[in-house]
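Participant: The structure under discussion is supplied below as structure tokens; questions concerning it will follow.
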Amino acid sequence: MKLRLAAPAHLVDLAAIGDLRGIRAEGTDIVIGAMTTEREVIASDLLAARSRSSGKTALVIADPQVRALGTIGGNAANGDPGNDMPAVMMALGASYQLTGKAGERRVAARDYYRGIYLTALNPGEILTAIRIPVPPAGHGYAYEKLKRKVGDFATAAAAVVLTLSGGKVATAPSA
């Protein structure tokens, strides 16, 4: 809306929907509710223990005021190429839980982004959660972005998750 790319007739505040917040382990995934703030991502003991890359990336998003109110779902959902989380989610093999009138579906982060501000969201759907598979033992990660000043949007960014096996790189998904 800020960029005048959308002019909805109505706005709905999702902040009071508790099911859209929080970070939990579910099987081999970590599930992060779309309304979980970047500050909550940074402070998560679960993410720190099992998938540190999300929390580390959240540290370079904007400034403390934005991280206190800005959500991981908001950062990931709109297809803005300057946002930080999309590249990290693609490298991590994350999937997005999308919910609408037709029910719920999951879309891999790599398939979700179809162009600048173009996503796999159907009309009437919202991103409700992000599912991150717990990276295997022996993994490492990096996220770097080029920006004009501290707290700015990325001009260019790259993310990678490396997994070592027998002293050699076994996998290296990147975005």
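The values are calculated or read from the model by the stated rules, or taken from the named source; none is laboratory data. The model shown is predicted, which means the values in this text are computed figures rather than measured ones. Heads up, the Cβs are rebuilt from the backbone with ideal geometry, glycines too, and the neighbour counts pull from every protein chain shown. Note: accessible area is taken over every heavy atom of the protein model, side chains too, but ligands, DNA and RNA are not part of it. Shrake-Rupley method; radii C 1.70, N 1.55, O 1.52, S 1.80 Å.
Participant: Can you pull out every residue in the range 103-117 that is open to solvent by 50 Å² or more (accessible area, probe 1.4 Å) and at pLDDT below 95?
Facilitator: Hits for the range 103-117 are Ile116, Tyr117.
Participant: Sticking with this one: Can you confirm whether Ala58 is in contact with a Lys or Arg (Cβ under 8 Å, 6 or more places away or on another chain) and at pLDDT below 90?
Facilitator: Values: in contact with a Lys or Arg (Cβ under 8 Å, 6 or more places away or on another chain): yes; at pLDDT below 90: yes.
Judged against the criteria, Ala58 is a match.
Participant: Quickly run through the range 120-139 and pick out the residues that are part of a strand (DSSP E or B) and open to solvent by less than 30 Å² (accessible area, probe 1.4 Å).
Facilitator: Leu127, Thr128, Ala129, Ile130, Arg131, Ile132
Participant: Can you name every residue in the range 153-169 that is without any contact (Cβ under 8 Å) to a residue 24 or more places away in the chain and either under 30 Å from Gln65 (Cα atoms) or part of a strand (DSSP E or B) (or both)?
Facilitator: Ala156, Leu162, Lys168, Val169, listed by residue number.
Participant: Same structure again: When you check Thr71 against the structure, is it buried (at least 22 other Cβ atoms within 10 Å of the Cβ) and touching a residue at least 12 places away in the same chain (Cβ under 8 Å), yes or no? Reasoning before the result, please.
Facilitator: Details: buried (at least 22 other Cβ atoms within 10 Å of the Cβ): yes; touching a residue at least 12 places away in the same chain (Cβ under 8 Å): yes.
Yes; evaluated as a whole, the condition is true for this residue.
Participant: Would you tally the residues in the range 155-173 being under 15 Å from the mean Cα position of the chain (by Cα) and either surrounded by fewer than 17 Cβ atoms within 10 Å (Cβ to Cβ) or within 15 Å of Asp80 (Cβ to Cβ) (or both)?
Facilitator: The total comes to 2.
Yes/no per residue for (1) of a type in the set (Val, Ile, Thr); (2) under 13 Å from the mean Cα position of the chain (by Cα); (3) open to solvent by less than 20 Å² (accessible area, probe 1.4 Å); (4) at pLDDT 90 or above:
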site	(1), (2), (3), (4)
Leu20	no, no, yes, yes
Gly33	no, yes, yes, yes
Ala43	no, no, no, yes
Ser51	no, yes, yes, no
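Participant: Scan the range 79-93 and give yes if some residue there is touching a Pro at 6+ places or on another chain (Cβ under 6 Å) and either at pLDDT 90 or above or in a loop (DSSP other than H, G, I, E, B) (or both), otherwise no. Full working, then the answer.
Facilitator: Taking the range 79-93 first, the residues touching a Pro at 6+ places or on another chain (Cβ under 6 Å) are 91, 93.
The next check asks that each one be either at pLDDT 90 or above or in a loop (DSSP other than H, G, I, E, B) (or both); those that pass are 91, 93.
Yes - at least one qualifying residue is present in the range 79-93.
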